[in-house]
1. If a residue counts only when it is among the basic types (Lys, Arg) and either in contact (Cβ under 8 Å) with a residue 60 or more places away in the chain or open to solvent by 50 Å² or more (accessible area, probe 1.4 Å) (or both), which helices (runs of 4 or more DSSP H) contained entirely in the stretch 141-235 have at least 1 such residues?
2. Of everything in the stretch 23-74, what is over 15 Å from Thr124 (Cβ atoms) and of a type in the set (Gly, Ala, Ser)? Give them in sequence order.
3. When the stretch 27-44 is examined, which residues are found to be aliphatic (A, V, I, L, M) and without any contact (Cβ under 8 Å) to a residue 60 or more places away in the chain?
4. Which ones in the stretch 276-295 are part of a helix (DSSP H, G or I) and small (Gly, Ala, Ser)?
5. From the list Ala71, Ala79, Ala62, which one is under 22 Å from Pro201 (Cα atoms) and buried (at least 18 other Cβ atoms within 10 Å of the Cβ)?
6. Is there any pair with a first residue in the stretch 49-78 that is closer than 19 Å to Gly242 by Cβ and touching a residue at least 12 places away in the same chain (Cβ under 8 Å) and a second that is part of a loop (DSSP other than H, G, I, E, B) and of a type in the set (Asp, Glu) whose Cβ atoms are under 9 Å apart and which are 6 or more apart or on different chains, and what are they?
7. Only one of these is assigned to a helix (DSSP H, G or I), open to solvent by less than 10 Å² (accessible area, probe 1.4 Å) and at pLDDT 95 or above: Val316, Val327. Name it.
8. Residues of the stretch 338-359 being in contact with a strand residue (DSSP E or B) (Cβ under 9 Å, 6 or more places away or on another chain) and open to solvent by less than 40 Å² (accessible area, probe 1.4 Å), which ones?
Amino acid sequence: MARILTVWGLTRALLMLFVLHVFTAPGPDVTSDVSVIYQGWYEILRTGTFPLDDVTWQYPPAAALAVLSPALLPFLDYAPAFFVCCLLCDAAVCALLLYAGCRPGKSLRGAWVWVIGVVLLGPTSYARYDVLVAAVAVAGLLAGARHPRTMGALAGFGALLKGWPVLLLVGAPRGRATRRSWSAAAGTALVLALAFLVTMPGALAFLTFQRDRGTEVESLGALVFHVARHFGWRGEVRLNYGSVEFLGPYVPLVSTVAQGLSVAALCWLLAWRLRARVRAASTPADAAFVAVLLFTTTSRVISPQYMLWLVGTAAVCLAFRASPMVVPARLVLVATFVTFLEFPVWFSHVVAGDPLGLALLLVRNGLLVAATVLACRNLWRRTVSVPPRGAASRPMPEQVSQAPRADTYASAP
């Protein structure tokens, strides 16, 4: 544990030096989103309304809380206060994973995944509010084994922060745990949404802004156009709705295909949930990791900060010794470092679509696809596939002991 804390302290000091511009990373300044965009939203949100005329506001209403969080540190300017809030959430996640890793049946591997994964993404980790969302998601997954209502409430809150934490619920055990967690999530999300709708105009404006987005240059679908423009495709790369996207012929088609793949991913998850027969203590976290992988990989936008979603859920998986997600988690860590190379270090090459930029995207997105396929296969084999013939008399590792334990659902209230 001491080594983890030492590495965390050293690496987080380095990240803070980068975001505070003591050191400068190659490529574009990743902190401008905080000092310009977030701070602009902050000034509007303080007046009691959402940014109604800003198409870059594409987040659920509770994201206002993340943008307003620097107000908790009034003795600092906005940007430094935001970075400190990210640091504190980062520390909270590390503490939760360390605490969980010291319990029976758990491992400190999860804490290592988080400590290493965040720094591999570089200063972008603290220059977006996704680390705050990841903290909510990690807390929810770790609480789920014994407190399904807590997990549900945190998932509902996280969904109103940035949507994806609702995927934490996909692996909730059938029966009472599902009823408790799903109802708590729905209740929390409904109450918060109604509160924002009543008190702040424009709470649902983000839905329109999200609908009109195109195919972002770092996404899996964008590879079609990176290659096509070397063969005469007549389109362009332009800043659109707050991100660098492809615009031109066939872009709507590729975006529609990406959305179709996301629907197919949802169908696969539903099929898995209906057919899963064997569950281990790690299954909810494993399923959440798989779900986030599926929807990240098939998204028409794979922004660099999305990697924090994968790092956080992978860290919870590996906090369980028996989790089958070791190899997919390692692939995610490698993909996280490649993401740092493509943004910000060589982002100009990605935008230009030259050989270096194309190679970076092929490697990063290839790693994500490989991690997704392996994670789906491992989850299916662990929970659905019929044991080999002759193994019926041998209990599977998840079924060895039926006695209640701290890290199993038998102890859930």
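1. Numbers: elements: 148-162, 176-199, 205-211, 222-228.
Here the list reads 148-162, 176-199, 205-211.
2. Gly40, Gly48, Ala62, Ala63, Ala64, Ala66, Ser69, Ala71
3. Of the residues in the stretch 27-44, the ones aliphatic (A, V, I, L, M) are 30, 34, 36-37, 44.
Val36, Ile44, listed by residue number.
4. Let us first name the residues in the stretch 276-295 that are part of a helix (DSSP H, G or I), namely 283-295.
The answer is Ala285, Ala287, Ala288, Ala291.
5. Values: Ala71 fails: buried (at least 18 other Cβ atoms within 10 Å of the Cβ); Ala79 fails: under 22 Å from Pro201 (Cα atoms).
Unique residue meeting the criteria: Ala62.
6. Partner pairs satisfying both residue conditions: Val55/Asp212.
7. Values: Val327 fails: open to solvent by less than 10 Å² (accessible area, probe 1.4 Å).
Just a single option satisfies the conditions, and that option is Val316.
8. Step one: filter the stretch 338-359 for residues in contact with a strand residue (DSSP E or B) (Cβ under 9 Å, 6 or more places away or on another chain), giving 347, 350-353.
Once the filter is applied, which keeps residues that are in contact with a strand residue (DSSP E or B) (Cβ under 9 Å, 6 or more places away or on another chain) and open to solvent by less than 40 Å² (accessible area, probe 1.4 Å), the stretch 338-359 yields Phe347, Val350, Gly353.
The values are calculated or read from the model by the stated rules, or taken from the named source; none is laboratory data. Since the structure is predicted, the reported quantities are computational estimates derived from the model, not experimental observations. Heads up, the Cβs are rebuilt from the backbone with ideal geometry, glycines too, and the neighbour counts pull from every protein chain shown. The area values use the complete protein model at the heavy-atom level, side chains included, leaving out ligands, DNA and RNA. Shrake-Rupley method; radii C 1.70, N 1.55, O 1.52, S 1.80 Å.
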